[in-house]
Amino acid sequence: MQHAIEIRNLCKQFKNLAAVSDLNLNIGQGEIFGLVGPDGAGKTTTIRMVSTAMVQTSGTISILGMDTLTHEETIRDKIGYMPQRFSQYGDLTVSENIDFFADIYGVPKELRKKRKEELLEFTSLSQFVSRKGRNLSGGMQKKLALACNLIHTPEILFLDEPTTGVDPISRREFWRILYGLTGITIIVSTPYMDEAERCNRVGLIREGKLLLCDTPAEIKSKQKKLKN
C-alpha cells in the first residue's frame, strides 16, 4: 500500500507544553485511519498540523509525496479539513454554503451542478437545500460540513471529532456516509472507542505521544493480554 501521509518525528510545543511529541506515522492511500484518545491528548493539534492549518515546531510531514512546509497551497487543493465546530455560514442556506466552498476551491461551473446534486443526495440533504445553516440540527450541520469539504473531490479528508455532540442515530448515519467514500484517504479523530472499531487502523494517542498503532482487532487483543 502506498503512503498518502508520512509523518516523521513530529513535535508541537506551546511554551512549556509539549502538545505532540516525536510522532511517527504512515497512513496508506484509501485507508480510514482513526486517531483515538481523551480530550487534551493531542488529536486536534496533530490533525491541524497534518492538514496544514498549523505549522509544526519540528519534524516533517509529507502529504501525497509533498512536504507541507514547501507545498502548502498545492496540498490544500487536494485535501478537505472539517474542524470540530461548525465552520460553515449559519446565515447561508445549504445550497449557498456548498456553492461558496465550490467557489473557494475553484470547482469548474460545468462540473459543479452534477457534483453538488450527487453530494446532496449522498448526504440526504436534498430536501433541505433552502434551509439556513444555523437552523439545521447538529447531525445535519455535520453532513453539510462534509458536503462542503467534498465538493472539490479531495484525495484526503481530515475529520476532527466529526460526531462529537450529535445523537447516536446521526453518528451511525455519518459513518454510513464515510463508508460510501471510495478511494479517499480519511483521517478521523474521535474519543469514542466504538468508532475506532470502524477504522482500518487506529492510533492511540495520549499526552501528545502515540502509544500504539494497529488494526482495531490487534489492539483489542493486545489490551486483553495486558489485562491478563
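What the table below lists for this structure:
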| item | result |
| --- | --- |
| Selection count where residues are more than 19 Å from Glu31 (Cα to Cα) and of a type in the set (A, V, I, L, M), scope the range 135-174 | 8 |
| Identity of the residue in the range 75-91, without any contact (Cβ under 8 Å) to a residue 60 or more places away in the chain and among the hydrophobic types (A, V, I, L, M, F, W, C), that ends up surrounded by the fewest Cβ atoms within 10 Å (Cβ to Cβ) | Phe86 |
| Among (1) buried (at least 17 other Cβ atoms within 10 Å of the Cβ); (2) touching a Ser or Thr at 6+ places or on another chain (Cβ under 8 Å); (3) basic (Lys, Arg), the one test that Arg48 misses | (2) |
| Any pair with Cβ under 6 angstrom, 6 or more apart, that starts in the range 129-146 at a residue that is in contact (Cβ under 8 Å) with a residue 24 or more places away in the chain and ends at one that is among the hydroxyl-bearing types (Ser, Thr, Tyr) and assigned to a loop (DSSP other than H, G, I, E, B) | Gly133/Tyr89; Lys143/Thr123 |
| Near pairs, Cβ below 9 angstrom, 6+ apart or cross-chain, from the range 155-168 (within 24 Å of Gln2 (Cβ to Cβ)) to any residue that is assigned to a loop (DSSP other than H, G, I, E, B) and among the polar types (S, T, N, Q) | Glu155/Gln29; Ile156/Gln29; Ile156/Ser51; Phe158/Ser51 |
| Failed condition for Ser62, given (1) outside any strand (DSSP E or B); (2) surrounded by 17 or more Cβ atoms within 10 Å (Cβ to Cβ) | (1) |
| Residues of the range 65-82 that turn out to be part of a loop (DSSP other than H, G, I, E, B) and touching a helix residue (DSSP H, G or I) at 6+ places or on another chain (Cβ under 8 Å), as a count | 1 |
| Every pair of residues 6+ apart whose Cβ atoms lie under 8 Å, when the first sits in the range 46-70 and is over 15 Å from Glu6 (Cβ atoms) while the second is acidic (Asp, Glu) and crowded, with 22+ Cβ neighbours inside 10 Å | Ile47/Asp160; Arg48/Asp160 |
| Matching residues in the range 124-161 - criterion: being aliphatic (A, V, I, L, M), part of a helix (DSSP H, G or I) and under 22 Å from Val107 (Cα atoms) | Leu144, Ala145, Leu146, Ala147, Leu150 |
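Read-outs throughout are calculated quantities, based only on the coordinates presented, and are distinct from any laboratory measurement. What you see is a predicted model, and the numbers here were worked out from it, not measured in a lab. Cβ atoms come from the backbone with ideal geometry, glycine included; neighbour counts cover every protein chain shown.
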